[in-house]
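Here the structure comes first, spelled out in structure tokens, and everything after it is commentary.
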Amino acid sequence: MLTGKTALVTGSTSGIGLAIAKAMAKEGANVVINGFGDAGEIESTRAAIADECNVAVRYSGADMTKPDEIAAMVAEAEAEFGAIDVLCNNAGIQHVSPIDAFPLDKWDAILAINLSASFHTIRAALPAMREKGWGRIIQTASAHALVASPYKSAYVAAKHGIAGLTKVVALEVAEYGITINAISPGYVWTPLVEKQIPDTARARGMTEDEVKREVLLAAQPTKEFVTVDEIAGLAVFLTSDAARNITGAVLPMDGGWTAA
Ligand code: NAD
């Protein structure tokens, strides 16, 4: 479906982004992966995707808190592949703390990575998409783009911001064959979730098992974690012709969480 096209997925060295990058490559897209991690592991992931899917896969170590590195990442991808056809803004971090104790550097980093980075990538990638008359922008938002939880002020603010940004850009690009949508997962078992369990346990005075049962899965009527492959499947669908009239949407994939 995506043969000859190029997908750039931010935060794709792990979790949801990695699943999206693999899924786009399986559809035939050349892929730019991005994110942090062990250099050797990233290189073997890169090589494995390229090998299995017979596509070009490049790695950019651009830091999503740095607008100049984001601009350079987009420019390099365009220099090599012509345009970014599918832009997936997925990089994200979390910090859990009551607001009056929320560290300033965490607030700034979450807003930069989870919200402002999308503004910077879209701004840079849009002219080439518009010129081609085709583009798909897919944001990894969160159920927290629609509802709140305590102790996640920066994350919830950033994800609500992503929902707003998605709607604005949809209106601006609607006549250029470009769609933009946000996927809003509930809890997905990835390093991001695993890492927040000890802090949540401390903030709520619970054991880690109680956090899993009574905080995480309590929100999800299905009582199951969403999988990274389910999210990647929706991302691939959003690139299809059948999805060309879905734009500006914030699409929950949360086991019924936000229906409650
Ligand atoms: P993850 O920790 O597995 O992956 C995060 C990725 O972002 C990694 O590749 C990491 O290296 C990258 N990253 C972090 N800081 C970066 C920076 N400054 N510059 C570039 N890359 C950076 O987490 P995940 O759960 O796969 O999260 C991916 C997205 O999904 C995030 O936006 C997150 O908010 C969202 N999300 C996750 C869940 C969940 O339950 N896991 C639920 C809803 C939404």
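The values are calculated or read from the model by the stated rules, or taken from the named source; none is laboratory data. Only a predicted model underlies this, so the values are computations on that prediction, with no experimental measurement involved. Virtual Cβ from ideal backbone geometry, glycine too; neighbours counted across all protein chains shown.
Numbers at a glance
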| quantity | calculated |
| --- | --- |
| Enumeration of residues in segment 235-248 that are under 18 Å from Ile16 (Cβ atoms) and crowded, with 19+ Cβ neighbours inside 10 Å | Ala235, Val236, Leu238, Thr239 |
| Residue satisfying all of: in segment 114-146; within 12 Å of the ligand (Cβ to nearest atom) and touching a residue at least 60 places away in the same chain (Cβ under 8 Å); farthest from the chain's Cα centre (by Cα) among these | Leu146 |
| Filter pass, Ala72 being at pLDDT 95 or above, more than 12 Å from the ligand (Cβ to nearest atom) and either under 28 Å from Trp134 (Cβ atoms) or β-branched (Val, Ile, Thr) (or both) | yes |
| Failed item in (1) within 23 Å of Ser14 (Cβ to Cβ); (2) surrounded by 13 or more Cβ atoms within 10 Å (Cβ to Cβ); (3) not β-branched (Val, Ile, Thr), with Pro191 passing the rest | (2) |
| Residues within segment 14-44 that are surrounded by fewer than 22 Cβ atoms within 10 Å (Cβ to Cβ) and either in contact with a Lys or Arg (Cβ under 7 Å, 6 or more places away or on another chain) or hydroxyl-bearing (Ser, Thr, Tyr) (or both), tallied | 2 |
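Here's the yes/no breakdown for (1) assigned to a helix (DSSP H, G or I); (2) in the same structural domain as Pro103 (by TED's automatic domain parsing):
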site: Glu194; (1), (2): yes, no
site: Arg202; (1), (2): yes, no
site: Met206; (1), (2): no, no
site: Val211; (1), (2): yes, no
site: Val215; (1), (2): yes, no
site: Ala218; (1), (2): yes, no
site: Val236; (1), (2): yes, yes
site: Ala242; (1), (2): yes, yes
site: Ile246; (1), (2): no, yes
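Results for (1) in a helix (DSSP H, G or I); (2) among the aromatic types (Phe, Trp, Tyr); (3) over 21 Å from Val228 (Cβ atoms), shown as yes or no for each residue.
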site: Ile42; (1), (2), (3): yes, no, no
site: Val55; (1), (2), (3): no, no, no
site: Tyr59; (1), (2), (3): no, yes, no
site: Ala72; (1), (2), (3): yes, no, yes
site: Ala83; (1), (2), (3): no, no, yes
site: Leu87; (1), (2), (3): no, no, no
site: Asn114; (1), (2), (3): yes, no, no
site: Met129; (1), (2), (3): yes, no, yes
site: Ile137; (1), (2), (3): no, no, no
